[in-house]
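Structure first, then comments.
Derivation of every value follows stated rules applied to the coordinates shown; laboratory data play no part. This is a predicted model, so every value here is computed, not measured. Note that each Cβ is placed from the backbone with ideal geometry, even for glycine, and that neighbours are counted across all protein chains shown.
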Amino acid sequence: MNTRIFGRSGRSVGEVGLGTWQLGAGWGDVTEEAALATLRAAWEAGTTLFDTADVYGMGRAEMLIGKFLSETPSARAGAFIATKLGRFSPPGWPANFTREGIRGHTEASLKRLGVEALDLTQLHCVPFAVLQQGEVFAHLRELKREGKIRDFGVSVESMAEADFCVQQEGVAALQIIFNIFRQKPAQTLFAAALARRVALLVRLPLASGLLAGKMTKDMTFPENDHRNFNCDGQRFNVGETFAGLPFAKGVELADALKALVPAGQTLGDLALRWCLDFAAVSVIIPGARNPAQARANAAVTTQAPLAAGLREQLAEFYRRDVAPHIRGPY
């Protein structure tokens with residue numbers, strides 16, 4: 001696994017991490033056995049950064065990672081654990097954003113993960129107005145001084161939020177939606193992140209699976225899968241599902257991209273490699289529901305960067321065919 005320096009922390013992390021939303025909830029059912037096997041497979045493939053959140057399965061994903069760490073001494077010593085807070089209930093909004101709420105959620109994550117300090121905690125897509133008030137950053141600075149967290153960052157929905165947060169004292173990382181269907185961050189955020197040595201975690205690099213290239217317009221999803229219950233933003237920001245594209249249009253666009261895939265690659269390989277070709281990206285965090293997916297994602301680290309001409313084609317495809325269809329804060 002190729003590694004990258006995680007912002008100003010100076011720590012080296014595998015460039016392909018693992019997102020664990022799938023292991024908690026919201027993507028159909030994943031058994032504990034399958035979840036633990038997926039975590040082990042990712043680690044064995046060179047993944048070192050595991051991204052989770054207290055709200056994924058209401059603590060389930062964190063507990064699974066905690067069990068994995070307890071059973072895998074090498075991971076306990078060397079893994080980088082990034083979690084998020086702000087959406088768990090109780091107490092819920094707005095109490096989650098108080099000093100007491102942030103401290104309480106942090107203590108709960110420490111307990112579930114079984115660690116003494118969080119490598120990174122991130123504000124989890126909290127309202128922009130709350131970020132602008134500034135108190136949440138003061139609460140996180142206090143927790144860092146106390147040693148409960150090593151660094152803090154923000155998971156954002158829009159580039160307006162990212163542009164604000166990258167300027168805030170102590171913000172070490174930003175988590176953003178970035179993929180071939182959602183290219184705006186490269187034009188509006190990357191230069192500032194590099195200049196300030198703020199790490200960037202890329203979530204949804206496969207656009208909820210669209211960019212794996214295996215979906216059809218008549219495909220259906222389980223009742224407890226966000227690709228069913230949030231396909232049009234019914235439960236939370238529509239951008240978190242299919243990168244904000246209507247499902248049928250997303251399938252159509254993914255199918256059109258297949259003609260551009262180089263020999264020896266899949267569309268999923270192309271999509272992940274495209275993200276990694278940006279120097280500002282610290283780590284991509286595709287999800288996986290089974291060991292085979294985790295290993296396939298990690299293997300992209302060995303592939304060569306995309307040709308400049310192909311990158312230009314993908315940029316034009318985005319501007320012409322994709323951008324007009326994106327919904328939600330961006």
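A few comments on the model shown:
- The chain: angle of helix 247-257 to the longest principal axis, Cα-based, in degrees nearest 10: 60 degrees
- Count, lysine Cα pairs under 23 Å in the chain, 8 or more residues apart or across chains: 15
- In the elastic network of the chain, a GNM with C-alpha springs shorter than 10 Å, the most mobile of A129, A162, A79 is A129.
- Among A34, A75, A308, residue whose mean-square fluctuation peaks in a GNM of the chain (springs only between Cα atoms under 10 Å): A308
- Dipole orientation for segment 31-133: of the candidates A61, S109, T98, T98 has the Cα lying most toward the positive pole (charges on Cβ; Lys, Arg +1; Asp, Glu -1).
- Antiparallel DSSP beta bridges within the chain, as percent of all bridges there, nearest 5: 15 percent
- Against the main long axis of the alpha-carbon atoms of the chain, helix 32-44 sits at an angle near 80°.
- For K148, neighbours were defined as the other residues whose beta-carbon sits under 11 Å from its Cβ, and their charges (Lys and Arg +1, Asp and Glu -1) total 0.
- Counting 0.36 nm for each residue step from A138 to A263 and taking away their Cα separation leaves a gain of 40.0 nm.
- Efficiency of FRET from Cβ geometry, A323 and A279, R₀ 25 Å, rounded to 0.05: 0.60
- Using alpha carbons only, the radius of gyration of segment 3-325 set against its Kirkwood radius gives Rg/Rh = 0.94.
- For L110, the shell of other residues with beta-carbons less than 13 Å away shows a net charge of -1, using +1 for Lys and Arg and -1 for Asp and Glu.
- If you run the Gaussian network model on the chain, springs between alpha carbon atoms under 10 Å, then out of S12, S74, S282 the most flexible one is S74.
- What separates the Cα centres of segment 297-323 and segment 83-161 is a distance of 34 Å.
- 10 Å Cβ shell holding at most 15 others, DSSP loop, GluC sites (Glu not before Pro): longest site-free stretch of the chain: 1-115
- Between 0 and 90°, nearest 10: helix 135-145 axis offset from the chain longest Cα axis: 70 degrees
- Cut-off 12 Å, label 7 Å out along Cα→Cβ of A108, residues of segment 128-154 by amide N: none
- Separation in nanometres of the label points that stand 7 Å from Cα toward Cβ, at A307 and L194: 2.4 nm
- Summing charges over neighbours of Y318, with a neighbour being any other residue whose Cβ is under 13 Å away from its Cβ, gives +2 when K and R count +1 and D and E count -1.
- For the chain, calculated [θ]222 nm from helices alone, where every DSSP H run of n ≥ 4 adds -39500 (n - 2.57): -11000 deg cm²/dmol
- At most 13 other Cβ within 10 Å, DSSP loop - trypsin sites (Lys or Arg not before Pro), segment 224-325: R235
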